[in-house]
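Report on the structure given below.
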Amino acid sequence: MTGIGIEVDGTGLEVPEGASLLAAVRAAGVELPALCSDDRLSPAGSCRTCLVRADGRIAAACVTPASAGARVETATGDLVRLRRDAVELIASALPPRALADGNPSELAHVCRTLSIDGAVAQGPGGRGGDDSHPYVHLDRDLCIACGRCVRMCSEVQGTFALTLVGRGSDTVVVPGNGGPWAESDCVACGGCVDTCPTGAITQPGPAQGLTSAFRPAAAATRTTCGYCGVGCALDVIAQGGEVTAVLPARDGPVNHGHACVKGRFAHGFVTSPERLTQPLLRRGGSLEPVGWDEALAHVSRGLRAAVDAGGPDSVAAISSARATNEDNYLIQKFMRVVIGTNNVDNCSRLCHSPSAAGLTASFGLSGGTDSFDDVERADCLLIVGANPVEAHPVVGARLLNRVLHGAGLVVADPRAVGLALHADVHLRPRPGTNVALFHGLAHVLLAEGLTDEEFLCERTSGLPELTELLAGYPPDRVAGITGVPAADLVAAARLYGRAERPAIVYGLGVTEHLHGTDGVRSLANLAILRGAVGTDGGCGVNPLRGQNNVQGASDMGALPDVLPGYGRVADPAVRSRAEDVWGVPVPGRPGLRIPDMFAAARSGDLRALWVIGEDVCATDPDANRVAEALGACPLVICSELFLSETARHADVVLPVASWLEKDGTFVNFDRRFQRVRPAVPLPGEARTDFDTVRAVATAMGVDLGCATPADALAECGGLAPVFAGLSHQRLDREGAVPWPCPDPDEPGEAKLYTERFATSDGRAHLAAAPYLPPGEQPDDHYPLILVTGRRWAHYNSGSMTRRGGNLALDPVDFLDLHSDDAARYAVRDGEEVTVESRHGRARLIARVGEQTAPGQVFCSFHFPASGVNRLTSHHADAVTSCPEYKVTAVRVVVS
């Protein structure tokens, strides 16, 4: 962006073209009050507290653009008096508590700066408030009608839950529903709390009135959110060893000063009385507290006994997508160096393993192709099998903002939720028909000449085979398979094909299928045909990651067939590099995947299983069979925060740290490494996963090295060239660095494949995979198709979000079904129902509406007690073993 020269109080400086005078003044180091202004929002110019003189004319700095050569004055006596009078007038209408001693609000800060006595606040009050919401409280007496909260809700969050009502001095903010805040459309992102300049909208508790702009700097710890894979930078404020507030970082590289209900408010689990604070050991059928020495001795004896009885491959570990990169690096090193097996996997097996396989086959690397900053500049978004508004709210808000500013939007999702409500074209395919849908879109791109022929000729392979296949997928046939009208299919293809910078963003609705890898590759075909990957003409293919470090867990080699950096264990050169670093032989045979681990346990071949941070009894498919596997395994070790259902099946339970108590790094959905820092001390005798793995290795007589997490990342870079340029020190300086990053003096590659693809021939590979039906089909006994997914207030198995105020926002697990199906099966809204599949049953509360299509039902997996994953089948992607969570045949019975 070009700059312009401007003069502020006699000092010349350069500011970006289009900057406001307020931005210019602040760039010059001059502090101006601006009570209606927030640099995350469009300017309003309503409070008149930022008055300056520009080229002789008095103007509100926040709404006046800087012009080249302008001369700005801020400090003359008349300007100071005008600003002071404006602030004093605003404050005088408020009750005394608005300026009470110790009030941390922006208004109180401004008054102190301008030497305005707190006694000026003499307003009568009496307008009431709203304390109905667990996280957001409203004090109408402190509202100055600046509109910042309303603009935050509409412009940044995109929820439009707030409005201003009344006239003149009676104007006040209210929820748009006209009723209690808790019953409004508010999604508790906290943006209104963070922008309010007076404390009219606050979070309850000791952090009341704190915002990201006005807070005690020394008390904040910068870290990265431990919920979804967006990677929001957060500032955690703690007092007395407890979290008092979590504020979005204004300079967060992904969130840009925004957050969601989970990252902002769902930290009550940290001090839950249910936290595990000392090891537990099974004795006589029950788990009893023991000391760490006894627990470690039992674990080390059990692991040695398993190896002695069945060899190294009789031991397995399920690492954690919630743990840091350094934790994951160390556990996979432990399995390969101490145990001598590749039996290590992580929960990406259950969600995005088809992404890793499909993206690698198409392009060469397992991550998304572009940074989110690139995606946000797209002029057409194709959102497939994802509901980012609920599952990744900060990304969802930014994508919606892009759409509201003119980008085209195609959504492919069976449900009418989130961004689908704003789509130019909403494609609603039958669950399990993605491959046919993508082939139909590709057919139109080819038939109508909407492909990049030069790109296809110079940078791709497989076009003849794909062309032959696509001849069998004309819109009419695809309509018959998917249920998507042919006209909608053509319209979507044209919108994507004619865009100058199209982007594809997808989620678990693409991957969690019997043919999930084929789905990823067929979706990637669209970007390849369009020449929209690795070029200026598009923003590629980008998966939204569900858990905070699901990308990083795989990057670090917590997988049975690859080492850190995705070098295959079957490759002697890759093993040799690792052996040079570790000093021991690395087994060359790929290990067991998670489903294979459970099968081996049931057959008696697996004698020890270490489960780290995953409640597999709640989140894995066919949960009854998982519990059977844990019961059959002689030694089950569980590292957990709480006594989860999986921990209840364990022989040893080790209390470990949450993300708010850890040191290390996460990798977010667009491959950015970011720092994680401990904000509060560990409870009781709990230890970090990193220290726990080191302690188990020591108990087994092996020194793993890597005394600190920083050492572990450095060692990882020594055997994985794509991470060689990364270090804690660099991330402390720069904030976020994407991989590949082989050189500490060069930036990482935010946009991949600009010169060549990372495949063996340097070309993008088109995939000609035919459509194959899903593993399950409805019939007369099980006539409905169940799809599972996420809700906005909860996360994964709910172990963290159900221990706090989020439970008040979303207290029960609903089964969404169409009104036609409700009438057909005599189900009333709010009624308890039993859902039965060929594999199990669950109990849920019916919610009747139009979000789901007839013949389909939807529920989340956040409430393990409901038993949802007892319903799901054993069917899994043939390439990666990712479960088919999105297609389960069920019936609904009124309880």
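Has the range 620-632 got at least one residue that is touching a Ser or Thr at 6+ places or on another chain (Cβ under 8 Å), closer than 30 Å to G718 by Cβ and buried (at least 22 other Cβ atoms within 10 Å of the Cβ)? No: zero hits. The residue that is farthest from D235 (Cα to Cα), among those in the range 649-695 that are of a type in the set (K, R) and not in a strand (DSSP E or B), is R694. Out of contact with any Phe, Trp or Tyr (no Cβ under 6 Å at 6 or more places or on another chain) and hydroxyl-bearing (S, T, Y): does that describe S727? Answer is yes for this residue. Checked against the criterion of being in a loop (DSSP other than H, G, I, E, B), crowded, with 21+ Cβ neighbours inside 10 Å and out of contact with any strand residue (DSSP E or B) (no Cβ under 6 Å at 6 or more places or on another chain), the candidates C741, C716 yield just one match: C741. Let me spell it out: the conditions are (1) surrounded by fewer than 24 Cβ atoms within 10 Å (Cβ to Cβ); (2) touching a Cys at 6+ places or on another chain (Cβ under 9 Å); (3) not aromatic (F, W, Y), and G531 meets all of them except one. Which number is the exception? With respect to (1) surrounded by fewer than 24 Cβ atoms within 10 Å (Cβ to Cβ); (2) touching a Cys at 6+ places or on another chain (Cβ under 9 Å); (3) not aromatic (F, W, Y), G531 is out only on (2). Evaluation of L807 against the conditions (1) surrounded by fewer than 21 Cβ atoms within 10 Å (Cβ to Cβ); (2) in contact (Cβ under 8 Å) with a residue 40 or more places away in the chain; (3) closer than 30 Å to A416 by Cα shows that the sole unmet condition is (2).
So, in the range 247-263, of the ones that are of a type outside the set (G, A, S) and part of a loop (DSSP other than H, G, I, E, B), which residue ends up surrounded by the fewest Cβ atoms within 10 Å (Cβ to Cβ)? I'd like the intermediate steps shown before the answer.
Let us first name the residues in the range 247-263 that are of a type outside the set (G, A, S), namely 247-248, 250-251, 253-256, 258, 260-262.
Those still in the list that are part of a loop (DSSP other than H, G, I, E, B) too: 250-251, 253-256, 258, 260.
Values: R250: 18, D251: 11, P253: 22, V254: 24, N255: 25, H256: 17, H258: 27, C260: 32.
Top of the filtered list is D251.
Summed over the range 160-196, residues that are β-branched (V, I, T), out of contact with any strand residue (DSSP E or B) (no Cβ under 6 Å at 6 or more places or on another chain) and surrounded by 23 or more Cβ atoms within 10 Å (Cβ to Cβ) total 1.
Looking only at the range 626-652, how many residues end up being among the charged types (D, E, K, R) and in contact with a Pro (Cβ under 9 Å, 6 or more places away or on another chain)? It would help to see each step written out before you state the result.
Looking only at the range 626-652, we keep the residues that are among the charged types (D, E, K, R), and these are 628, 640, 645, 648, 651.
Now restrict to residues that are in contact with a Pro (Cβ under 9 Å, 6 or more places away or on another chain): 640, 645, 651.
Here the count works out to 3.
I need a count of the residues in the range 564-589 that are touching a Lys or Arg at 6+ places or on another chain (Cβ under 8 Å) and closer than 19 Å to S319 by Cα. Adding up the residues that qualify gives 4.
Based on this model, can you work out whether V857 counts as of a type outside the set (S, T, N, Q), outside any helix (DSSP H, G or I) and in contact with a Lys or Arg (Cβ under 9 Å, 6 or more places away or on another chain)? First the steps, then the outcome.
Values: of a type outside the set (S, T, N, Q): yes; outside any helix (DSSP H, G or I): yes; in contact with a Lys or Arg (Cβ under 9 Å, 6 or more places away or on another chain): no.
Spelling it out, it is not the case that V857 is of a type outside the set (S, T, N, Q), outside any helix (DSSP H, G or I) and in contact with a Lys or Arg (Cβ under 9 Å, 6 or more places away or on another chain).
Kindly indicate whether G725 is surrounded by 15 or more Cβ atoms within 10 Å (Cβ to Cβ), over 19 Å from G567 (Cα atoms), touching a residue at least 12 places away in the same chain (Cβ under 8 Å) and not β-branched (V, I, T).
Details: surrounded by 15 or more Cβ atoms within 10 Å (Cβ to Cβ): yes; over 19 Å from G567 (Cα atoms): no; touching a residue at least 12 places away in the same chain (Cβ under 8 Å): yes; not β-branched (V, I, T): yes.
Answer is no for this residue.
For the range 301-319, the criterion of being within 16 Å of R589 (Cα to Cα), in a helix (DSSP H, G or I) and touching a strand residue (DSSP E or B) at 6+ places or on another chain (Cβ under 6 Å) is met by no residue.
Reported count of residues in the range 438-457, each being touching a residue at least 60 places away in the same chain (Cβ under 8 Å) and either under 32 Å from the mean Cα position of the chain (by Cα) or not assigned by TED's automatic domain parsing to the domain that holds I504 (or both), is 5. For the range 502-548, taking the residues that are at pLDDT 95 or above and charged (D, E, K, R), the one that is farthest from P770 (Cα to Cα) is identified as R530.
Enumerate the strands (runs of 3 or more DSSP E) found wholly within the range 747-847, keeping only those where 3 or more residues are within 30 Å of D370 (Cα to Cα).
On the way: elements: 784-789, 814-818, 832-837.
Hits in the range 747-847: 784-789.
The values are calculated or read from the model by the stated rules, or taken from the named source; none is laboratory data. Since the structure is predicted, the reported quantities are computational estimates derived from the model, not experimental observations. Don't worry about glycine lacking a Cβ; one is built from the backbone with ideal geometry, like all the others, and counts go over all protein chains shown.
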